[in-house]
Each structure stands twice: as structure tokens, then as C-alpha cells.
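Since the structure comes first, as C-alpha cells, the remarks are kept for the end.
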Amino acid sequence: MIGSVQRAMRLLESVAGHEHGAPAKQLARETGLALPTAYHLLRTLVHEGYLRRDKGLFFLGEAAERLSSSGAQQKRRSTVVDALAQWRDAIGVPIYYALYRDGEIETVCVSDTPGNPAVEEWADFRETGHAHAIGQCLLAQLGEDARRDHLDRYPVQSITPYTVRDNHSLLRRLERTRRMDPVIERQEYALGTVCAAIPITLGNNAATIAISLPAHQADRLPAATQQLQGEIGRLLGSLAISISI
């Protein structure tokens, strides 16, 4: 063990326990360090940005706050990954989590298994939102202007015989979609695959959790979608903060 690192970490922990700052003498006493040693380590931590000093009191610095923020983000992502894996195993289907961020469709996380693999992204998901359930679900949650802006950048193109034919047809479909109803898509993005996407709106963010199945198992899709809705309903409260990753 490197003693100086251990002592510095103890000082950081001690400072973190004082919202309104603490003087060096108090920090030395709390950590059991000699005052000269505490001063030396505190000055080093201030120089590196992990602490800041104001009127003789020490506070956590920007570098420490960045570490805390990164750790919290990793924890949130882990919460989402664990939830998707739980639903994947309970329902026996691949699970997808996606959101609409900065004008783009973003697939954040996919949870699948060798026995139930995810759909291969053979055409860019961002450019083909009109064709897959994830994209249609996200676009349905947007306002009319945002939808039209998206389609101006990524116009409808037929990628399978079942894909919606033009922007006008897609906009009419989206207008008929009730805001919180699942979106069902059958072979519009990938032949041999059916999908369902459940809308999740958190504040101003449009998000969705989706599933896919081989077309020959299409009869499972309604029950699997209903089961996923129930699973989401039980966990959404605890995921509300995490899901914005």
C-alpha cells in the first residue's frame, strides 16, 4: 500500500463530510494525521484540483466533483443494464432502450442472448427511424415541427416491401398513434422480424423500450409486449433518474 495515497484519500473523505468546508487543523485531527503532513497533502490536492481553499477552509474541487459525476453516471447506466437483462430473461426476447436526443435517434443499450439475438443493424437506425418500431415510437412522441424536421433530414425510403412509402403516409400514421400506446412494426425494417416499442416520456425526453421476435413467432408479440409493459410499470419509478443516460 502507498501510505501517502491512503492519507490523501482520508483527507478527501473528511472534506466531503463538511458541506461548509473545514480548516486544516480539524481535518488533520479527524484523519489522525500530523498537521505538517496534512498541510502538505492538502496543498497538493488543491494544486491538482481535487480540493479548493477559500478563507482558510477546504472544499471539494472540480476534479473531485467530476469523479463523483462520472461515478453516478456509471451507476445509472448499470441500473438500466441490469433492468434490461432482467426483462430479457423474464420474457425471453431481446430488449432495446433508445431515446431521441439532440435531433437524433440513439440506441443506448441492447440486451440479448445467443438464443434470442437482437436485430442486426443492417441500415443505419438513425436514418431509418420511419421503418423500425423504435424510431416510429420516438417520432410519435415528438411535436409536429420536430417530426417534420427529422423527416427533412432523413426522408422515408423503402427498405423492405413492407416499409411505409412516403413522408405523408408516415406522418398520418404517427398522428393516429395514441401517445402512450405501443408501436407495432412487422418486417418494415428487417424481413423476418416483428417488433414492438413502448413509449416512455420523462420530462421533455422521448424514450422507448422495445422488443423483437422472429416473424414466425409473431403470435407471441402481443403477450410479450403486455408483459414488458407490466415489468416497466413496476420498475419505472426507480429507473426515472437512471433512464436519461
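The values are calculated or read from the model by the stated rules, or taken from the named source; none is laboratory data. In this text the structure is predicted, and so the values were computed from the model without any measurement. No Cβ is skipped: glycine too gets one built from the backbone with ideal geometry, and neighbour counts run over all protein chains shown. Heads up: the accessible areas ignore ligands, DNA and RNA and are worked out on the full protein's heavy atoms, side chains in. Shrake-Rupley method; radii C 1.70, N 1.55, O 1.52, S 1.80 Å.
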Query raised in the report: Per residue, how much accessible area does segment 1-140 have with a 1.4 Å probe, in Å²?
Result: 55 Å²
Query raised in the report: How many Å³ per residue does the convex hull of the Cα positions in the chain occupy?
Result: 179 Å³
Query raised in the report: Near the amide H of residue 206, under 5 Å away, which other amide H atoms are found, from residues 5 or more places off or on another chain, if H is placed in the peptide plane?
Result: 100
Query raised in the report: Rounded to the nearest whole Å², what accessible area per residue is found for segment 171-226 with the 1.4 Å probe?
Result: 50 Å²
Query raised in the report: Quick one: putting +1 on the C-beta of Lys and Arg, -1 on the C-beta of Asp and Glu, what dipole do you get for segment 1-142 around its Cα centre, in Debye to the nearest 20?
Result: 1100 debye
Query raised in the report: residue 113 to residue 6: FRET efficiency via 1/(1 + (r/R0)^6), r the Cβ-Cβ distance, R0 45 Å, to the nearest 0.05?
Result: 0.60
Requested in this report: Please report, to two decimal places, log10 I(q)/I(0) for segment 123-191 at q = 0.16, 0.19, 0.21, 0.27 Å⁻¹ as given by the Debye formula with identical point scatterers on the Cα atoms and no solvent.
Outcome: -0.46, -0.66, -0.81, -1.39
Query raised in the report: To the nearest 20 debye, what charge dipole does segment 114-233 have about its Cα centre, counting +1 at the Cβ of each Lys and Arg and -1 at the Cβ of each Asp and Glu?
Result: 300 debye
Report task. Quantify, in whole percent, the carbon and sulfur part of the accessible surface of the chain (1.4 Å probe; protein heavy atoms only). Result -> 50 percent
Query raised in the report: What's the local net charge at residue 92, with K and R +1, D and E -1, over the other residues with C-beta under 12 Å away?
Result: 0
Report summary line: Length gained, residue 78-residue 47, 0.36 nm per residue minus C-alpha separation, equals 7.9 nm
**Report entry** Options 187, 204, 174, ranked by Cα towards positive dipole end of segment 172-212, top entry (Cβ charges)
**Finding:** 174
Report task. Rounded, prolate or oblate: pick one for segment 101-147, where a ≥ b ≥ c are the square roots of the eigenvalues of its C-alpha gyration tensor, a/c under 1.5 means rounded, and failing that, prolate if a/b is larger than b/c, else oblate. Result -> prolate
Query - Cβ-defined net charge surrounding residue 127, 13 Å radius [Lys, Arg +1; Asp, Glu -1] - result: -3
Query raised in the report: What number comes out for the charge environment of residue 175, summing +1 per Lys or Arg and -1 per Asp or Glu over other residues with Cβ under 15 Å away?
Result: +3
